[in-house]
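Chemist: A single structure is presented below for examination.
The values are calculated or read from the model by the stated rules, or taken from the named source; none is laboratory data. What you are looking at is a predicted structure, and each value in this text was computed from that prediction instead of being measured. Here the Cβ positions follow ideal geometry from the backbone for every residue, glycine too, while neighbour counts run over all protein chains shown. Please note that ligands, DNA and RNA were not included when accessible areas were found on the heavy atoms of the full protein model with its side chains. Shrake-Rupley method; radii C 1.70, N 1.55, O 1.52, S 1.80 Å.
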Amino acid sequence: MANEGRDPVRVTNPAGKSRYLIVCEHASNWLPASLGTLGLPAADLERHIAWDPGALPVAARLAEILDATLVESCVSRLAIDCNRPVDAPDLIAETSETTRIPGNAGLGAAEREARIALSHRPFHDALAGVIEDRLAQGHETWIVTIHSFTPLYKGVSRPWHIGIIHDEDECLAAPLLAGLRGIAGITVGANQPYSPADRVYYTLERHARPRELPCAMVEIRNDEIVDAASQDVWAQRLATILSGIEESDVKLRMETAREPKGYRHSA
């Protein structure tokens, strides 16, 4: 399956000086002409099932403020979800939320492989290449992925304005949560509205955790980032908190996390 003149992944500011590497897996709602609309009405391509509305502008503005490199997928997750392992049941979703996706039904092995080659493999190869190049240059690398979520999911309201998703690595998550909770009027979720148990942590599990790179996943409710002004507000908030995280604190958290259970520092 050709990409029809469009790159499946974009790397912006590859020479960025920041220790942060910003990633946006669900940046685009674009589908190649060969897939059409996958049998969906055009309006569905603007919905959350096709991408994370507002996530890319926040990620791009955040990268700009921090002078960070940004890696983004340029293909809709309706074609294939770059934030899922290749054996995940929702890698190529036949149903997203409550919407059936006719063009994804009953795909054979060759069709699945074509989708992987379309977007998933190029995205992860590019991200791995950026990380390896940075590490080879001795460039410290802390990875933050930017997502958005819907205010209402399957009839259930979500009260959080923002959530920070993490596993046992809390090097970035803990200070992010603390900083966000200090902002008046903001409801913050820890592993809300998703957690790694929901299989949404694949990019970081694949690229950050094996290399012991500090990482966190940011989920912003999409009605909070509907225009350039609100996107800038959230990018500025995140940039302020991230800029204030000290390298020494991160290293101490990493060392503490590696200690065997029951170990205590001597007084």
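Chemist: Please list the non-local residues whose amide H lies under 5 Å from the amide H of Thr99, H modeled 1.01 Å from N, same-chain partners needing a gap of 5 or more.
Modeler: The answer is none.
Chemist: What percent antiparallel are the DSSP beta bridges of segment 117-263, to the nearest 5?
Modeler: Here the share of antiparallel DSSP bridges comes out near 40 percent.
Chemist: Let me ask another. Return the single residue from Thr145, Thr187, Thr69 with maximal mean-square fluctuation; model: Gaussian network over the chain, springs between Cα atoms under 10 Å.
Modeler: Ranking Thr145, Thr187, Thr69 by mean-square fluctuation puts Thr187 first.
Chemist: With angles folded into 0 to 90 degrees, how steeply does helix 228-243 sit against the dominant principal axis of the chain? Use alpha carbons for both and round to 10.
Modeler: Roughly 40 degrees between the two axes.
Chemist: Further, regarding this structure: Tell me what the chain gives for mean residue ellipticity at 222 nm when only DSSP H runs of n ≥ 4 count, each as -39,500 (n - 2.57), the sum divided by the residue total, rounded to 500 deg cm²/dmol.
Modeler: -9000 deg cm²/dmol
Chemist: Using modelled backbone amide H atoms (1.01 Å from N, in-plane), which distant-in-sequence or interchain residues come within less than 5 Å of Leu21's amide H?
Modeler: Amide H neighbours of Leu21, under 5 Å, 5+ apart: Trp142, Ile143, Val144.
Chemist: Under the Kirkwood approximation for Rh and a Cα-based Rg, what ratio Rg/Rh is obtained for segment 2-65?
Modeler: 1.04
Chemist: Can you tell me the length gained on complete extension of the stretch Thr95 to Ala197, counting 0.36 nm per residue apart and subtracting the Cα distance?
Modeler: Separation in residues times 0.36 nm, less the Cα-Cα distance, equals 34.8 nm.
Chemist: Which of these values of Rg and Dmax of the Cα atoms in Å was calculated from the structure shown: (i) 18.6, 66; (ii) 18.2, 55; (iii) 19.6, 63?
Modeler: The listed entry that was calculated here is (i).
Chemist: Take the Cα gyration tensor of segment 50-108, multiply each eigenvalue by 5, square-root it, and list the three semi-axes largest first, rounded to whole angstrom. Walk me through the numbers on the way to the answer.
Modeler: Working: eigenvalues 165, 30, 13 Å².
For segment 50-108, the ellipsoid semi-axes come out as 29, 12, 8 Å.
Chemist: Mind ranking 32-39, 199-206 by how tightly packed they are, going by the mean number of other C-beta atoms within 10 angstrom, highest first?
Modeler: With the highest mean Cβ count within 10 Å placed first, the list reads 199-206, 32-39.
Chemist: Now a separate question. Using a probe of 1.4 angstrom, how much of the accessible area of the chain is carbon and sulfur, in percent? All intermediate terms of the calculation are to be shown ahead of the outcome.
Modeler: Numbers: 6220 of 11920 Å².
Answer for the chain: carbon and sulfur cover 52 percent of the accessible area.
Chemist: Measure off 7 Å from each Cα along the Cα-to-Cβ vector at Tyr153 and Leu135, then give the distance between these two points in nanometres to one decimal.
Modeler: Here the answer is 3.0 nm between the modelled labels.
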